[in-house]
Structures are given as structure tokens and as C-alpha cells.
Amino acid sequence: MSAVAEQTRLETRLLADRINALEESSTLAMTKMARELAAQGHKVISLSVGEPDFKTPAHICEAAKKAIDDGFHGYSPVAGYPDLRKAIADKLKRDNNIDWKPENIVVSTGAKHSLANVIQVLVNPGDEVVIFAPYWVSYSEMVKLAEGKSVVVDGAFENDFKVTADQLEAAITPRTKIVMYASPNNPTGAVYSEQELRDIAAVLEKHEGVYVLADEIYEYINFTEEGHFSIGSIPALKDRVITVNGVAKGYAMTGWRIGFIAAAKWIADGVEKLQGQVTSGTNSIAQKAATAAFNGPKEPSIEMAKAYHRRRDLVVGLLKDIPGFKVNVPQGAFYAFPDVSYYFGKSDGETTINDSDDFANWLLHRSYVSTVAGSGFGAPNCIRISTAAADEALEEAVKRIKDAVATLK
Ligand SMILES: Cc1ncc(COP(=O)(O)O)c(C=O)c1O
């Protein structure tokens, strides 16, 4: 073993077990590798990151500048400024038909932080968390950190990657504490309809100790005619649903780091208590920007969603032309998620592709297109391609993918 490898091995042993047990985020790892190749001078098209390619709308930026000038420089209340919590309560009533007071809302440093907080607050060691797969990469790792057990339920490709009420019923045990899902979904773009969520709610009504963690961060990027439906609006479940959302995707504000939960008071109080010991109130300037976002016009979000819709059509159309790819039609978010397993076991003469990790790595190094392997999302036959990029970049990327797979025999 080299001296460097030995040093790394020793250092790893010093880290806490809970950190050694964690997987590195596959989306961040691919993005890092793509940056390194770009820095070496390669013409990389980066479609691995889950980030809007739009700028934050001007009126939101203005609110942040004003907050600096007005002197919002100090610690904020742990759960967020009262005007932001009121703006979120109004938003939930207006958009989601969910009636919570500001005291039921806790603002955190991104929806990711909100999700992690809830899991820490509700999950005891050994509790089961049912996760609808394909799922966002961080869900299972958050459960691991809380010493819970992930129970992954696969949504079938034929059902647009969605889990059915019957599948959920079969997965619930006396140890189930939480059921968690995202709609619109990352990585599949699947959107659960009102009827599908009502069927799921009917199952959950029978299981009193089970809570629902509804991740609605892609709410505004929804291409269905029916639009978004929030499970938290169903009265029989209201006290057991924790609705998570934020500003990152719908307002193109990923770097501002504002997310929130809306939940029964005892859960909100638990999250506030945890956050009070770990991070305190989130960034004061970003909170003022988020208040302007939630209270402001919807048009910028609607315009961005239209662009994602158009690009969805473009990319799905092009991907369907690639021999062997199985492609679903995402109903929201900004990803395509083709099944590429047709190519497993094939080789370009140098590299054999055995799984989605091999496929994504090979594609990056051979054609300089960065995507993310489906394995980290609980879908080992697929790769995730972000469609949050310019049309020309998307067209060029899919052309490179098509040319690359044509060499696999
Ligand atoms: C499904 C899902 N939930 C939550 C998040 C995190 O959002 P935020 O940037 O607000 O932490 C993401 C970000 O990629 C996501 O895809």
C-alpha cells in the first residue's frame, strides 16, 4: 500500500462510524469530475447538476439588497422571520389548499436541511422509512444518519416510475414511521395525480402512527393539465403530513438556501428545537428575498416552467431516437431518466459497460457529457440527464450520446 493510501486508511478509521457509513452524493461527485475535465480543456457538457440555468428574478434580488441596506444583519428567530412564515402560510393556502398558521412553519437552510431535520426529529433507531423509488439520492443517507431503516419500494417504469397504493400497503409494517416521496420527482419527473395521492392517503388513514414526508420542491415545474396536488390538503391526514418546499427550483434560487416545513405544531417545535442547537435561524438576507418570492408575482416561475416543458419535449424526442433506450415522458421537474440497460454487457472494444455507473463514467470520459448513474437514485438501469441547459447544449449532448452508444457492441 502506498504511503498516501495508508494515511487515508488511518484517517478514515478516525472518522465516526456514521460518516464512514454514508455514501458520497453521486450528483455532486459527477459534477466535480466534469469540472476537473473541463479545467483540463475538454469541451464538457454538464448535465449532472440539479440546478435551474436561470437567474433569480430581479424583484427578489432587489428585496435582498434592500434587506442589507435596512440592516437585517443580526441573528433571526430560529424558525424564521414572522413575515416570511406568514408569507409561506399564505402561499400554502393559495397554492396548496393547506391551512396552517405561521407557528406551524419552520424555515431552514434549503429543503434538504428541512428534510434532514424532520427525519432526525421523528425517526428512532430501527424505525422504518418507506421511500418511493426512484428517489432523490440524499433520502436514504438521511435515514441512515438517524439510524433508521430505509424500505425502498420501486415504482415500475410501466407505471411512469410511480408507486401504487397496493405496493405501499404491502410495505407498511408495525415499525413504519414515515413514508416519503417527491412529486414532481427527481430523478424521473413523475407527478402523482390527485387520484393517486388520494388512493395512497386511503391506505395511510388506516395506519395511525405513520407520517408522510411530502417533498414538493419541484411544485412549480409541473407540465400536467391537472397541476400540483398536495397530500397535506387531505383533512384526514393533515396532522400527519409534513409538507416540505422551498425556493430553490421554482424561483431559480438554489444558492440562497431557503427551505421550509409545514406540519403539526409538535413536529414544528421539534424541528425548531433541533435547529436551535445545530444551526439557528437561516441567512437573514435570503429570508427577506424568499419573502419577496412567495409574496410576489408568479409569472417568472411560470415562464421558467414553460422553458423546461419545451426542453423536455426536445430531449425526450431526441432520446427516443437512440436505439435501445427506454424513455418515459417526465411530467415535471427538469430531468430525463432513460433506461440504458440494453447496453449493459456491451463494449466499445476498450471498456465494457456493466451497469449505470460504468455507463455514466464511460460517457463522461469518452464524449464529455456528464450525467448521473441511476444507481444512487435506487434505479440501477437508468441515467439522469438534466434538461436545465440551453437547447443547443442539449441537442449536442444527445448527439454525442447517440454517437457514443453506436460504438457499443
Ligand atoms: C427532490 C429534491 N428535494 C430536495 C432538494 C433540495 O432542495 P434545496 O436546494 O432547497 O435544499 C432537491 C435538490 O436537488 C431535490 O431534488
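Quick notes
- Residues Leu28 and Glu62, FRET efficiency given R0 of 51 Å [Cβ-Cβ distance, rounded to 0.05]: 0.95
- Each of Lys206, Lys273, Lys346 has its accessible area taken with a 1.4 Å probe; listed largest first, they run Lys273, Lys206, Lys346.
- Nearest 10 degrees, 0 to 90: helix 111-122 Cα axis against the chain principal axis: 70
- Rg [Å, one decimal], Dmax [Å, integer] - segment 297-379, C-alpha atoms: 15.2, 55
- Relative to the longest principal axis of the Cα atoms of the chain, the long axis of helix 58-69 lies at roughly 60 degrees.
- Protection proxy ranking of 11-21, 82-92, by the mean of other Cβ atoms within 10 Å over each peptide's residues and highest first, is 82-92, 11-21.
- Proximal aspartates and glutamates to Lys55, defined as alpha-carbon separation beneath 15 angstrom and excluding residues fewer than eight positions away on the same chain: Glu299, Glu303
- With a 1.4 Å probe rolled over the protein heavy atoms of all chains, the accessible area of Trp266, Trp136, Trp100 falls in the order Trp266, Trp136, Trp100, largest first.
- For segment 266-342, the relative contact order is 18 percent, taking Cα pairs closer than 8 Å that sit 6 or more residues apart in sequence and dividing their mean separation by the residue count.
- Arg18 paired with Val329, simple spin-label distance in nm, labels 7 Å along Cα-to-beta-carbon: 4.5
- Flagged links, alpha-carbon separation over 23 Å, of Lys144/Lys273; Lys32/Lys298; Lys238/Lys288; Lys66/Lys298: Lys32/Lys298; Lys238/Lys288
- Proximal aspartates and glutamates relative to Lys112, as straight alpha-carbon distance under 19 Å, when same-chain residues fewer than 8 apart are discounted: Glu23, Glu24, Glu51, Glu141, Glu147, Asp215, Glu216, Glu219, Asp269, Glu272
- Options Thr109, Asn159, Ala182, ranked by Cα towards positive dipole end of segment 90-239, top entry (Cβ charges): Thr109
- Whole-number accessible area per residue in Å² for segment 135-189, which is evaluated in the context of all protein chains at 1.4 Å: 38
- Take 159-169, 249-259 and order them by the average number of nearby Cβ atoms within 10 Å per residue, most first; the result is 249-259, 159-169.
- Rounded FRET efficiency, nearest 0.05, which uses the C-beta distance separating Ala236 from Leu37 and R0 of 56 Å: 0.60
- In the chain, a dipole from Cβ-located charges (positive for Lys and Arg, negative for Asp and Glu) runs towards its positive end, and of Gln277, Ser367, Tyr342 it is Gln277 whose Cα lies farthest in that direction.
- Simple Cβ-charge dipole of segment 266-409, Lys/Arg +1 and Asp/Glu -1, about Cα centre, in debye nearest 20: 220
- Approximate spin-label separation Glu392-Thr352, in nm, with each point projected 7 Å along Cα-to-Cβ: 4.1
- If you sort the three axes of the alpha carbon gyration tensor as a ≥ b ≥ c, you get a/c of 1.5 or more for segment 77-163 and a/b no higher than b/c, which makes it oblate.
- Accessible surface for Asp199 stands near 70 Å², nearest 10, in the context of the full protein assembly shown (1.4 Å probe).
- For segment 15-104, pairs of C-alpha atoms spaced more than 17 angstrom apart make up 74 percent of the total.
- Carbon and sulfur %, accessible surface of the chain computed with the full protein complex present, 1.4 Å: 52
- Relative contact order (%) - segment 115-213, alpha-carbon pairs under 8 angstrom, separation at least six: 30
- Kirkwood-Stokes translational diffusion coefficient of segment 1-66, alpha-carbon pairs, 10 °C, 1.306 mPa s, µm²/s: 99
- Computed over the chain: relative contact order in percent, which uses C-alpha pairs under 8 Å that are six or more apart: 22
- Derived from the Cα gyration tensor, the three semi-axes of the equivalent ellipsoid of the chain are 34, 25, 24 Å, largest first.
- When the Cα positions of Met1, Asn124, Tyr139 are compared along the charge dipole of the chain, Met1 comes out farthest toward the positive end, with charges on each C-beta of Lys, Arg, Asp and Glu.
- These residues, Lys43, Lys326, go from largest to smallest accessible area, 1.4 Å probe, as Lys43, Lys326.
- For segment 103-250, the Kirkwood estimate of hydrodynamic radius, built from reciprocal distances between every pair of different alpha carbons, is 15.3 Å.
- Sparse packing (at most 11 other Cβ atoms within 10 Å of the Cβ) combined with a DSSP loop state is found for the following GluC sites (Glu not before Pro) in segment 313-402: Glu350.
- For Lys399, the lysines whose Cα falls under 22 Å of its own Cα, not counting residues fewer than eight places away in the same chain, are Lys43, Lys320, Lys326, Lys346, Lys409.
- Surface accessible to a 1.4 Å probe, His73 within the full protein complex, Å²: 130
- Estimated inter-spin distance, Arg366 and Asp90, nm [label 7 Å along Cα→Cβ]: 5.4
- Kirkwood-type hydrodynamic radius, segment 309-353: 11.8 Å, calculated from all non-identical alpha-carbon pairs.
- DSSP-loop GluC sites (Glu not before Pro) across segment 181-246, with at most 15 other Cβ within 10 angstrom: Glu208, Glu225, Glu226
- Taking every Cα-Cα distance in segment 179-289 and sorting them into 10 Å bins starting at zero, the pair-distance distribution P(r) comes out as 13, 40, 34, 13, 0 percent.
The values are calculated or read from the model by the stated rules, or taken from the named source; none is laboratory data. What you are looking at is a predicted structure, and each value in this text was computed from that prediction instead of being measured. We place every Cβ from the backbone using ideal geometry, glycine too, and count neighbours over all the protein chains shown. These area figures cover heavy atoms from the full protein model, side chains too; ligands, DNA and RNA do not enter into them. Shrake-Rupley method; radii C 1.70, N 1.55, O 1.52, S 1.80 Å.
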